[in-house]
Every structure is written in structure tokens, then in C-alpha cells.
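Everything on this sheet refers to the single structure shown next.
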Amino acid sequence: MAENPNQPREYDAVKGGQNPPPIDAAVLGGISGVKSRLASPIVEVKIAALSEALKYGDAGLDLIVGVLQDESMAVKFAAYSLLKDRDEPSIKEQLQKYLPIFDFDVITVDSYGKENSRSRHYAHFFAEDLGNGVVLEMVSIPGGTFMMGSPPTEEGRDCCESPQHQVTVPAFFAGKYPITQAQWQAVMGNNPSNFGGEKRPVETVSWDMAVEFCGKLSQKTGKKYRLLSEAEWEYACRARTTTPFHFGETITPQLVNYDGCIPYANAPEGLDRRCQTISVGRFPPNAFGLYDMHGHVWEWCSDRWHKNYRGAPTDGSSWETGTDTYRVLRGGSWYEYVVLCRCAYRYSYSADFRCLQWGFRVAVASVSP
């Protein structure tokens with residue numbers, strides 16, 4: 001067929017590199033254009049091409065699945081974001097191959113601390129090899145919208161947990177556990193912890209030290225690791241629940257490492273665990289597959305401290321405005337009373353201060369086209 005002289009000439013964005021397209025030219029279209037851009041060495045070009053691939057049915061899906069083998073984790077995450085909710089068995093099989101699944105039981109309790117449900121859940125993750133047999137498991141946290149903070153009726157709430165407000169959090173990956181001493185040793189070459197044990201969470205770390213760890217981990221792996229924002233942390237902790245704890249209306253020392261002497265809601269007085277840390281993962285996870293979100297060690301978040309949520313970001317980002325040098329801690333610890341272990345409870349301290357109750361977990365972005 002003769003070429004239509006009135007049709008704009010196609011312009012291959014990949015071959016054109018960083019130069020602007022020729023006058024009256026169109027970006028190379030069709031499935032061939034998508035293939036061409038997916039072959040680009042430029043990450044941003046690949047990610048932009050992925051969403052366009054969906055327009056081309058099975059052929060486009062095949063291209064997206066192929067990208068799961070890409071060396072760039074950002075591109076792989078983008079492909080995963082497009083495929084994770086699809087039901088085709090072949091796609092689920094490929095996701096399992098490149099982002100495997102682990103399964104776990106999720107437990108909920110009533111206000112008396114009695115188990116009232118147990119269900120099987122699944123989550124995708126990837127394993128980061130830190131050398132010498134040390135692995136960092138990063139769990140896929142789906143994006144979503146939630147109410148951050150506590151309602152006025154919640155027992156033990158603090159004024160800094162208000163006003164309750166809606167936040168939309170993009171998908172990301174979070175550490176399955178708080179950073180362990182073995183993981184810290186593999187990256188930093190030392191161990192500041194008071195309670196020794198490779199599988200115990202690293203503690204006695206300041207915010208500054210946690211940020212330094214993220215920087216060195218990023219250099220080691222080529223990915224941009226960071227602390228969770230406060231909004232990401234609460235969203236990940238709640239895992240689509242609205243109760244004071246992701247377990248329900250209360251917690252017990254059989255579920256969380258904390259001081260059980262002063263109970264919450266209608267739960268009976270329990271074991272005083274105000275002794276020390278234990279190995280991570282000893283207690284049940286939440287519905288996202290994250291362990292030890294309540295108690296064990298306080299977890300540093302990236303945000304500056306603010307005395308309430310007035311003016312807080314609603315997009316899940318770290319709140320960096322203001323001049324307060326204190327940084328946020330969440331989750332409670334092995335030493336704390338139950339009320340301080342709630343999903344919504346907020347605490348802060350100077351970024352350079354160290355305490356044997358303080359640890360952290362890491363995040364890495366899941367880039368969506």
C-alpha cells in the first residue's frame with residue numbers, strides 16, 4: 001500500500017535518544033513501537049512503554065511478562081504492578097517465578113484477647129542477597145487509601161494522633177522484619193546492639209545511623225533503599241484494618257513482644273515481657289505479611305516530628321517541612337505498655353540519640369507506570 005503523504009512520519013523515540021522528535025513526526029506506534037522502547041537502555045523509556053503494552057492484548061501481556069527478567073528492579077516493579085491483580089494462571093506462574101509467594105496465617109482476636117479468626121494469606125516478595133548467606137526479604141505492599149490516625153473513641157489515644165485524615169499510599173516494598181543484627185553486620189561491618197543474636201533486630205541505633213545504613217545498602221544493591229514514611233508505616237501496620245491493632249481490639253503477650261502487665265480493652269493481665277528482644281518472626285504477621293509491627297523494637301520513620309496532623313501530606317510521602325530536628329518512631333517495643341504499641345501511636349526523639357529499644361525496617365519503591 002502506498003504511503004499516505006498526509007500521515008505524519010513515525011519517529012522512534014529510542015533511536016532519537018534525548019533529542020526532540022522531528023517536526024510533524026509521531027512516536028513509533030503499534031506493538032513494534034512498544035518492543036522498540038522496551039529494548040531501550042533508558043529505564044524511564046521502558047516504564048513508559050509498559051502501560052502502552054496493555055493496549056495490545058495477549059501480545060502486550062507477553063511483553064510485560066518478559067520484562068520481569070529485566071535487570072533493573074524499577075522496571076521489574078513496574079511490570080509487576082501491572083500484572084499482580086490478573087487472574088490468568090500463566091501470569092501467576094511467571095510472577096511466582098520472578099517474585100515468589102510466601103503463605104502465612106493471619107490471626108485476629110476479640111476485645112478479650114481471644115482468637116476469633118484465622119485465615120490463610122499470601123504475599124509476593126523478593127530476596128536481597130547481602131552475602132555470606134544473609135538475605136533481606138522485601139514484601140510487596142499494595143497501594144491503597146486508609147484513614148491515618150485514631151478516632152476520638154479509641155482508648156488511650158493522644159492528641160498528636162489527630163485529626164484523622166485520608167491518605168493514599170502508592171505500592172512499595174517493605175522489610176518482612178525489622179532489620180536484623182546479621183543484616184546490619186553484612187552492610188555496616190559492626191553491631192551496635194545490646195542484646196546479641198543474629199536473628200534479633202538490631203537496636204541501639206539512632207535515626208542518623210538508620211539513614212546511613214539505607215545509603216550503604218543502596219550502594220551495595222543498586223536499589224534506592226530508605227526508611228518508611230510515617231504514613232507508609234501506619235498503612236503497612238494496619239494492613240487494611242481499622243482497629244487499634246492489626247490483630248483486632250487488643251493484643252496479648254502470646255502475639256506480641258511487649259509488657260503485658262497493663263492490659264488493653266477487656267484482655268486479662270498477661271506476661272511481663274519487659275526483658276529483651278527475641279528473634280524476629282516469632283509471632284504471627286499481619287495481612288500484608290509483615291512481622292513484628294507491634295512491640296519488639298520502636299521503628300524509625302523518615303519524617304520530621306509534628307505535634308499533630310494539621311497540614312500533613314495525603315500522598316504517603318515523608319513529611320519534611322518544618323524545622324523540628326526530632327524524627328518519628330512507631331510501633332512500641334519489648335519494654336513498653338500495650339497502649340504505646342497501637343497502630344496510631346506516635347513517638348519522637350532526636351535524630352542522633354541511641355536507645356536499646358530503637359530499631360527500624362527498610363522500604364524500596366515499587367515504580368508504577
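Within the range 113-205, what percent of beta bridges assigned by DSSP are antiparallel, to the nearest 5? Once the DSSP bridges in the range 113-205 are tallied, antiparallel ones form about 100 percent. Residues whose amide H lies under 5 Å from that of G295, counting only those 5 or more places away or on a different chain, are G332, S333; hydrogens are built 1.01 Å from N in the peptide plane. Under the criterion of Cα pairs below 8 Å and six or more residues apart, the relative contact order for the chain equals 19 percent. The apolar share of the surface of the chain, taken as the fraction of accessible area on carbon and sulfur atoms (1.4 Å probe, ligands and nucleic acids excluded), comes to 50 percent. For the chain, adding -39500 (n - 2.57) for each run of n ≥ 4 DSSP H residues and dividing by the number of residues yields -7000 deg cm²/dmol at 222 nm.
Projected onto planes of every orientation and averaged, the convex hull of the alpha-carbon atoms in the range 78-152 covers 8.6 nm². For the range 229-306, the C-alpha radius of gyration divided by 2.2 N^0.38 Å, with N the number of residues, is 1.13.
Of the residues T321, N190, H121, the one whose Cα sits farthest toward the positive end of the charge dipole of the chain, with +1 on the Cβ of Lys and Arg and -1 on the Cβ of Asp and Glu, is N190. Give me the angle, in degrees from 0 to 90, between the Cα long axis of helix 89-98 and the longest principal axis of the Cα atoms of the chain, rounded to the nearest 10. It is inclined by approximately 70 degrees. Taking amide H positions as modeled 1.01 Å from N, with prolines and chain starts lacking one, the residues under 5 Å from A123 and 5 or more places away or on another chain are F102. Computed from backbone phi, the HN-Hα couplings of the range 219-225 come to 5, 5, 9, x, 10, 9, 7 Hz, rounded to whole numbers (Karplus: 6.51 cos²θ - 1.76 cosθ + 1.60, θ = phi - 60°; Gly and Pro given as x).
Near the amide H of T180, within less than 5 Å, lie the amide hydrogens of V202, all on another chain or at least 5 residues away, with H placed in the peptide plane.
Accessible surface of T321, taken over heavy atoms with a 1.4 Å probe and every protein chain present, rounds to 90 Å².
Each Cα pair under 8 Å and six or more residues apart adds its sequence gap; the mean of these over the residue count of the range 123-181 is a relative contact order of 36 percent. Taking only alpha carbon atoms, the range 99-244 gives an Rg to Rh ratio of 1.00, where Rh is the Kirkwood radius. Just so you know, the Cα atoms of the range 284-330 work out to an Rg and Dmax of 13.1, 38 Å.
Placing R0 at 41 angstrom, the Cβ-Cβ distance between D324 and K97 gives a FRET efficiency of 0.35 after rounding to 0.05.
Here the 3J(HN,Hα) profile of the range 293-303, calculated from phi with Karplus coefficients 6.51, -1.76 and 1.60 at θ = phi - 60°, is 6, 9, x, 6, 9, 4, 10, 5, 10, 6, 5 Hz, Gly and Pro shown as x.
Using the 1.4 Å probe convention, the accessible area of the chain works out to 46 Å² per residue with neighbouring protein chains retained. Net charge dipole, the chain: roughly 320 debye, given to the nearest 20, about the Cα centre with Cβ charges of +1 for Lys and Arg and -1 for Asp and Glu.
In this label model, A287 and S350 are separated by 4.2 nm, measuring between points 7 Å along each Cα→Cβ vector. Looking only at V169, V139, V202, which one moves most when the chain is put into a Gaussian network model with springs between Cα atoms under 10 Å? Of V169, V139, V202, the Gaussian network model singles out V169 as fluctuating most.
Can you tell me what percent of all Cα-Cα pairs in the chain are more than 33 Å apart?
Cα-Cα pairs of the chain separated by over 33 Å account for 36 percent.
The gain in end-to-end length when the T168 to D105 segment is fully stretched comes to 20.0 nm, 0.36 nm per residue minus the alpha carbon separation. Largest first and in whole Å, the equivalent-ellipsoid semi-axes of the range 211-268 read 33, 14, 8, each the square root of five times a Cα gyration tensor eigenvalue. Across the range 188-288, Cα-Cα pairs farther apart than 23 Å form 44% of the total. Given 37 °C and 0.692 mPa s, compute D for the range 207-360 with the Stokes-Einstein relation, Rh being the Kirkwood radius over Cα pairs; round to the nearest whole µm²/s. So the translational diffusion coefficient is about 204 µm²/s.
Ordering S81, Q96, I64 by Cα displacement along the dipole of the range 30-105 toward the positive end leaves I64 in first place; charges were set at the Cβ atoms of Lys, Arg (+1) and Asp, Glu (-1). Figure note: D62, D158, D70 ranked by solvent-accessible area, largest first, 1.4 Å probe, ligands and nucleic acids not counted: D62, D158, D70. Altogether, the Stokes-Einstein calculation at 20 °C and 1.002 mPa s, with the Kirkwood radius of the range 171-239 over Cα pairs as Rh, returns a diffusion coefficient of 166 µm²/s. For the range 286-369, a/c is not less than 1.5, where a ≥ b ≥ c are the root eigenvalues of the C-alpha gyration tensor, and a/b does not top b/c. That puts it in the oblate class.
The values are calculated or read from the model by the stated rules, or taken from the named source; none is laboratory data. Predicted model, so just to flag it, every value in this text is computed and none were measured. Ideal geometry is used to build each Cβ from the backbone, glycine not excepted, and the neighbour counts take in all protein chains shown. For the accessible areas, the whole protein counts, side chains as well, though only heavy atoms, and no ligand, DNA or RNA atoms are used. Shrake-Rupley method; radii C 1.70, N 1.55, O 1.52, S 1.80 Å.
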